[in-house]
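Working notes, beginning with the structure itself.
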Amino acid sequence: MMTSMPDNEIPLSRPDITELEERMVMSTLRSGRLSIGPMVEQFETLVATRAGCTTGVAVNSGTSGLHLALQALGIGPGDEVITTPFSFVASANCILFVGGTPVFVDICPKTLNMDPAKVEAAITRRTKAIIAVETFGNPEYMQQYASIAARYEIPLIEDCCEALGTRYKGRDCGHFGRVGVFGFYPNKQITTGEGGMIVTDDLRLAEMCRSLRNQGRPLGFVMPGSPMESAAGGQSAGSWLRHERVGYNYRLSEINAALGVAQMQRLDSIIEKRQSVARMYLERMGTNSDLIMPTVDPEAFMSWFVFVVRLAPSYTIEERDRIIRGMRGHDVGAADYFPCIHLQPFYQEQFGFRAGMFPIAESVSQRTIALPFYNSLTRNEVDLVAQTLELMLKRENIRRD
Ligand SMILES: *Cc1c(COP(=O)(O)O)cnc(C)c1O
């Protein structure tokens, strides 16, 4: 395999692309059909089925999927949406796209997901949805958020971008809420280069998402000559140039979808590899008292998005950042997943969020270190990562004395 990385570098992530992916992308290129075709439909079916949902709507990113889900649910100006401050920025930005108001609630220090009691306490007359994230893929509390959402008759949107293939107590991630959204950026469990997928059992909601991703073309629109046309009895619900609402071009290309189909066919073996790498890390570093390992509920079947350790409470953010820089200096990938969303400059300016508002999320986010994590990581490389981290911890301890 060709790689642009020097041999001795251990990157933060690395996609797992085999001959199957190459073959499927190549045959799509040769088919002459590069948009709105059989690969997108196959990919939608594979992902929706894996998430236990009736239908899937492929889009060009996870962010686009979140945007469409909120818009299709009718969320708009004046509406409050409850979500977590400890996540990738897109899980809250989608609220801003539709003009809604983000309402953050603090997290639980063990699972790093929103504290369910705080979710319930944050509900007001204006609350129109809850967006829940499986932080670093941890599926705990999803059922609790779903119960709260049901009790208050508001939709739960599952931002399951970090949890493809994860199950909790026999339920698939993607199927806890009214709608789920996956992302397929190259560091996720599977990749399409760029891409995303909305999954749901609500066929009307899915149709609205299909229209919105495709320039507002009519509900039920079927591209003439597409594989869906025969399923629709040869009837197309509208013409290519009829636009019934303001829509977007959020379509996923056939080329990206072909990559996704190949990756989905390999998902079980991909998950096995990720579980094995996670086990190696836990075995190698689990007893280090300077580090807090990710916890996994025994009832969770984890597909493992990333491997993020936390420094003990005595460490400062300056020390953490120096450790990350030191690891990178030794050609070992490391990152500060995630800075709190409410402290990003435009959230502070627009909404008046300040440090101290969500103390647990802030404290956790100052001490996290994402370590290299990908399918082909070997035991020797895990050992090298651990040795490098241990060296950096030792340096910090010497500095203190
Ligand atoms: C990856 C991710 C997304 C979507 O990212 P895209 O790059 O737009 O595909 C959204 N939310 C979370 C929590 C993510 O981790």
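The values are calculated or read from the model by the stated rules, or taken from the named source; none is laboratory data. If you're wondering where the values come from, they're calculated on a predicted model, not measured in any experiment. Positions of Cβ are generated from backbone atoms using ideal geometry, with glycine treated the same way; all protein chains shown enter the neighbour counts. The area values use the complete protein model at the heavy-atom level, side chains included, leaving out ligands, DNA and RNA. Shrake-Rupley method; radii C 1.70, N 1.55, O 1.52, S 1.80 Å.
In this structure, Leu252 qualifies as part of a loop (DSSP other than H, G, I, E, B), modelled with pLDDT of 70 or more and within 16 Å of Glu44 (Cα to Cα). Quick one: would you say Asn93 is within 16 Å of the ligand (Cβ to nearest atom) and buried (at least 21 other Cβ atoms within 10 Å of the Cβ)? Here the answer is no, as Asn93 does not meet what is asked. Contact map, segment 89-104: first residue farther than 21 Å from Tyr337 by Cα, second residue open to solvent by 30 Å² or more (accessible area, probe 1.4 Å), Cβ cut-off under 6 Å, separation 6 or more or different chains; pairs are Val98/Gln71; Gly99/Pro77.
For segment 314-343, residues that are assigned to a loop (DSSP other than H, G, I, E, B) and more than 27 Å from the chain's Cα centre (by Cα) total 4.
For the residues Glu44, Glu21, the requirement of being of a type in the set (Asp, Glu), assigned to a helix (DSSP H, G or I) and more than 15 Å from Gly180 (Cα to Cα) singles out Glu21. Candidates are the residues of segment 364-390 that are assigned to a helix (DSSP H, G or I) and without any contact (Cβ under 8 Å) to a residue 60 or more places away in the chain; the one that is surrounded by the most Cβ atoms within 10 Å (Cβ to Cβ) is Gln387. Taking the residues in segment 271-312 that are among the acidic types (Asp, Glu) and in a loop (DSSP other than H, G, I, E, B) as candidates, determine which candidate is most open to solvent (accessible area, probe 1.4 Å). Applying the filter and picking the extreme gives Glu299. Name the residues in segment 313-363 that are open to solvent by less than 70 Å² (accessible area, probe 1.4 Å) and hydroxyl-bearing (Ser, Thr, Tyr), would you? Scanning segment 313-363 gives Tyr315, Thr316, Tyr337, Tyr347, Ser363. For Val47, the test of being within 16 Å of the ligand (Cβ to nearest atom) and not small (Gly, Ala, Ser) is passed.
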